[in-house]
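Take a look at the structure below.
A short reminder: the numbers here are calculations on the coordinates, not readings from a lab. No experiment lies behind these values; they were computed from the predicted model shown. Neighbour counts run over all protein chains shown; Cβ positions are idealised from the backbone, glycine included.
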Amino acid sequence: MNQYHIHVRGLVQGVGFRPCVYRLATEMGLHGYVDNSNDGVLVVLQATEEQKDCFVRALPEAAPAVATIERIDVETLPATTTYDCFEIAPSRSDGNEITRISPDIAICPECLQDRRRQPHRIDYPFINCTHCGPRFTIIKALPYDRGVTTMSDFELCDTCRREYADVNDRRFHAQPIACNRCGPVYTLRDSSGELERDYRRLVERVASTLSGGGLVALKSMGGYNLLCDADNAQAVARLRKLKGRYAKPLAVMYRDEATATDDLALTDEERRALTSWRRPIVVSHERAHHASWLNEGYRSLGALLPYMAIHYDLFEAAPRLRRMVVTSANLSGNPIVIADGEAHDQFDSQVELVVSYNREIYNRIDDSVVCEYDGLCRPVRRARGYTPEPLHNLQPTEGILAVGAEQVSSFAVGKHDDILLGQYIGELSCRENLAFFEESFSHFATLFRFTPHCVVCDLHPDYAATMWGERYAAEQHIPLYRVQHHHAHAVAVMVEYDLEGEVLALCLDGTGYGDDCTIWGGELLRCSRTRYRRLSHQPYLPMPGGDVAAREPWRMAVSLLYSLYGEAMPLPPDFVERVGADRIKLISRLIARRINTPLSSGAGRLFDAVASLLGVADYNRYQAEAPQKLEQLADESVTKVYPFDHNNPLDISWLVVAMVNDLRNGVSRGEIAMAFHNTYAAMWCAEVARQAARQKLSRVVLSGGVLQNRLLTNRLMALLRQVGLQPYLPALVPCNDAGIAVGQMAVAAAWLERSAILKTD
């Protein structure tokens, strides 16, 4: 009989893994113990070699559905103690090692049933088990035990304590376990200050308020949400005014999958994402567009299903409520509110009801957003249900802090060879979001026992993230590294797919500070993890007014036509009427005299220009409004591709002339928009294929915010495969700037490894 130490790493804490191990070992008649440690789960077995092998083979199959086993290491050691049974030992906290932390998990079907049959949990709104419930939002430290969560303030009643200690119970060591006798409670406060704490009456009041067209601020899993009846245009208008979000599409929570299916043409992949334990917002095509107040100018809608017990209760109490707007309770652009006092200060006089509960949200987090590209739902916003799942890197990442980019901010910290990407934060030029950035980083540093050895930032000198990274590195007396924006985009994709060597990288976005001090954004690179070379790029266009041009697409429309036609530019009559001849003349003069007109090769700016010329949007009221609406305008039945120069595929003059001619000839704008997408994808495919032959490379990574355009990306991926190339599109992190920190860290890790090798040589 030998003694084996079986070390299991991955997402194996907070998901019922130890009870699973206990049951498997006892069924096999094995002796020893299992415990949690900082870096995973340790199983000590006294068994024959055959029994050990059988146990290790059976473990992945027996593991809970939410668990992820990444590695199993087995060590044979001399037996110093004889065990006469198998047990679950107390957790250990030693060293600087860390394990995976589970994201927050939507309430499971078993818990929904338990709320109807367990006397002490009848209607209990915070029910959970090892298969569901809050995780990341309540945890403060590792290993994951109740004492280091925000549930530590709630002493277990005798019944819950017995369940917690019963290895055969689904709530064995479920850290947020509680019931009506000992758990958190909701409190409702109306606009007059009246309080309601009886849960059933509270739910009925909220349901009645929503059904009557009122607004409710509800403390959710990761922060406060604003709720209203999605089919009540007046209620939605009030909500928009309260948030200062007058145009951006709103997400909708449906009563159930069947109701969502009535409205949305869900694919099988979208349906899987919608009903998964992660419960993200899934962007899907509408069957019919009948509620423009939710998503004006769009044929798609963001949908999600209930993920907390109170969501189910509200729909049950309001049988006529099909769907409700569920959006973060904040002023537009600011972080989601988590503090009860702040929620009352902001919303008591603005909404009919504010509903809070007496458990702290430690880590604030928004809902995640996914969209199907190339047959797979991929994150557009990575937050609840995904954070803080790590990515594996080929080189060690210990001590590297990557601060990310500016508008769609996320940071990352490095542990061992993992990249731990923080939750979506937002635009860092907003002071409140910068405070959120600092708060979240501080929590990550504590939680993952992270000590920074260096900082990595973007090349752009004016990014708030860059300036913060510079200050922090100076304060900590640690090195600072700078990584070019599109190199980071490319390497982030390489991390996901464990790609080594060199690849072609097609990076399409709005803004990235280039080596030549211009603004890049339509680039083809040859790159590895340590270096890159710019092979080709979209033609430069002046940006009249600098950053203002990114907010006012009509300026880019003038720039595009002026660059090709000069003063004789063929402006559509309706464009002149909308913008004004004097303003167009002024911008033309700025371009001619090169006054405040920095050059940009950004794909985002070209899409802005085309959107404005087609009358889609002359102003971006929110990020990428014009390009998004251009995509929505496109008639997907159109297969037309405009002619272009295959010897110089990125010469956009052909494309622009063809679109202008179609506009003059009265061709529908939906057809022109689709032909633009088709042609743009074909042009880049031709250029990538041309360079692939020259460079003798066949792997192509794709990244950048413009690739959130589903039409463009799906066509580009198909075309690249048709010419024998292998495209890689991010699947674990967003292709937008929220993935930049991943690439920054991987580049720095590769640099540091190469430097260490050179030193030893």
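Were the residues from Ala65 through Glu257 laid out at 0.36 nm apart, the gain over their Cα-Cα distance would be 67.0 nm. Computed from the C-beta positions of Glu470 and Glu194 and an R0 of 56 Å, the FRET efficiency is 0.65 to the nearest 0.05. Need one word for region 408-519: rounded, prolate or oblate. Basis is the Cα gyration tensor (sqrt eigenvalues a ≥ b ≥ c); a/c below 1.5 gives rounded, then a/b vs b/c decides. Oblate, since a/c reaches 1.5 and b/c is not below a/b. Using θ = phi - 60° in the Karplus curve 6.51 cos²θ - 1.76 cosθ + 1.60, the 3J(HN,Hα) couplings for region 257-267 round to 4, 4, 5, 4, 5, 4, 9, 10, 8, 5, 7 Hz; x is entered for Gly and Pro.
I want the local charge near Leu226. Using Cβ-Cβ distances under 11 Å, sum +1 for each Lys or Arg and -1 for each Asp or Glu among the other residues. Residues near Leu226 contribute +4 overall. For the chain, relative contact order (Cα pairs under 8 Å, six or more residues apart, normalised by length) works out to 11 percent. Going 7 Å from the Cα of Val56 in the Cα-to-Cβ direction, what parts of region 1-43 have a backbone nitrogen less than 14 Å from that spot? Residues passing the 14 Å test: 2-9, 43.
3J(HN,Hα) along region 53-63: 4, 5, 4, 5, 5, 7, 4, x, 5, 7, 5 Hz, from the Karplus curve 6.51 cos²θ - 1.76 cosθ + 1.60 with θ = phi - 60°, whole Hz, x for Gly and Pro. Maximal additional length on extending the Asp268-Asp417 stretch stands at 50.2 nm, based on 0.36 nm per residue less the C-alpha distance.
Applying a 10 Å radius around every beta-carbon, put 736-742, 324-330 in order of their mean neighbour count, most first.
So the order, starting with the most tightly packed, is 736-742, 324-330.
In region 186-357, what is the volume of the convex hull around the alpha carbon atoms, normalised per residue and reported in Å³?
Working: hull volume 18.2 nm³, N = 172.
Enclosed volume per residue, from the Cα hull, is 106 Å³.
For semi-axes √(5λ) of the Cα gyration tensor in Å, the value computed from the atomic coordinates appears in the list [x] 46, 34, 23; [y] 42, 31, 26; [z] 56, 31, 26 under label [x].
Charged side chains reduced to their Cβ positions (Lys and Arg at +1, Asp and Glu at -1) give the chain a dipole of some 1240 debye around its Cα centre. Exposure proxy ranking for Ile127, Ile101, based on other Cβ atoms within 10 angstrom of each Cβ and starting from the fewest, stands as Ile101, Ile127.
With K and R counted +1 and D and E -1, the other residues having a Cβ less than 13 Å from that of Arg161 yield a net charge of -1. From its DSSP helices (H runs of at least four residues, each -39,500 (n - 2.57)), the chain gives a residue-normalised ellipticity at 222 nm of -11000 deg cm²/dmol. From most to least packed by mean Cβ count within 10 Å, the peptides 640-650, 722-732 give 722-732, 640-650. Extension gain for the segment Asp651 to Arg162, taken as residue separation times 0.36 nm less the Cα-Cα distance, is 168.8 nm to one decimal.
When the Cα positions of Ser300, Leu321, Gly223 are compared along the charge dipole of region 186-357, Ser300 comes out farthest toward the positive end, with charges on each C-beta of Lys, Arg, Asp and Glu. In this simple spin-label model, placing a label point 7 Å from the Cα along the Cα-to-Cβ direction at both Asp635 and Ile757 gives a separation of 5.5 nm.
Taking the beta-carbon count within 10 Å as an exposure proxy, list His173, His7 from fewest neighbours to most. The fewest-first ordering by Cβ neighbours comes to His7, His173.
Distances between placed amide hydrogens fall under 5 Å for Asn128 paired with Ala178, all partners being 5 or more residues away or on another chain. Proximity of backbone amide H atoms, modeled 1.01 Å from N, is registered between Val380 and Val369, Val370, Cys371 at under 5 Å, excluding neighbours fewer than 5 places apart on the same chain. Couplings for region 680-695, taken from phi via the Karplus curve 6.51 cos²θ - 1.76 cosθ + 1.60 with θ = phi - 60°, read 4, 5, 5, 4, 5, 4, 4, 5, 5, 4, 4, 6, 4, 5, 5, 8 Hz in order; Gly and Pro are left as x. Straight-distance candidates among the lysines for linking to Lys629, with alpha-carbon spacing under 24 Å and chain neighbours fewer than 8 residues away dropped: Lys241, Lys243, Lys248, Lys640. Quote the relative contact order of region 2-88 in percent (integer), defining contacts as alpha-carbon pairs under 8 Å separated by 6+ residues. Answer for region 2-88 is 50 percent.
Once R0 is set to 45 Å, what does the formula 1/(1 + (r/R0)^6) return for the Cβ-Cβ distance between Glu398 and Arg299, expressed as a FRET efficiency to the nearest 0.05?
Working: r = 46 Å, r/R0 = 1.03.
FRET efficiency, Glu398 to Arg299: 0.45.
Net charge of the neighbourhood of Asn433, taken over other residues with C-beta under 13 Å away and scored Lys/Arg +1, Asp/Glu -1, is -4. Rounded to the nearest 5, what is the percent of antiparallel bridges among the DSSP beta bridges in the chain? Around 75 percent antiparallel, to the nearest 5. For the pair region 116-147 / region 234-303, the C-alpha centres are spaced 28 Å from each other. When each of the peptides 233-244, 567-578, 205-216 is scored by the mean number of other C-beta atoms lying within 10 Å of its residues, the order from highest to lowest reads 205-216, 233-244, 567-578.
Quick check on the exposure proxy: order Thr466, Thr259 from fewest to most C-beta atoms within 10 angstrom.
Working: Thr466 23, Thr259 15.
Ascending Cβ contact count within 10 Å gives the list Thr259, Thr466.
Database remark: amide H of Asn225 closer than 5 angstrom to the amide H of Leu218, Lys219, Ser220, Ala329 (H placed geometrically; neighbours at sequence offset of 5 or more, or on other chains; Pro and chain starts carry no H).
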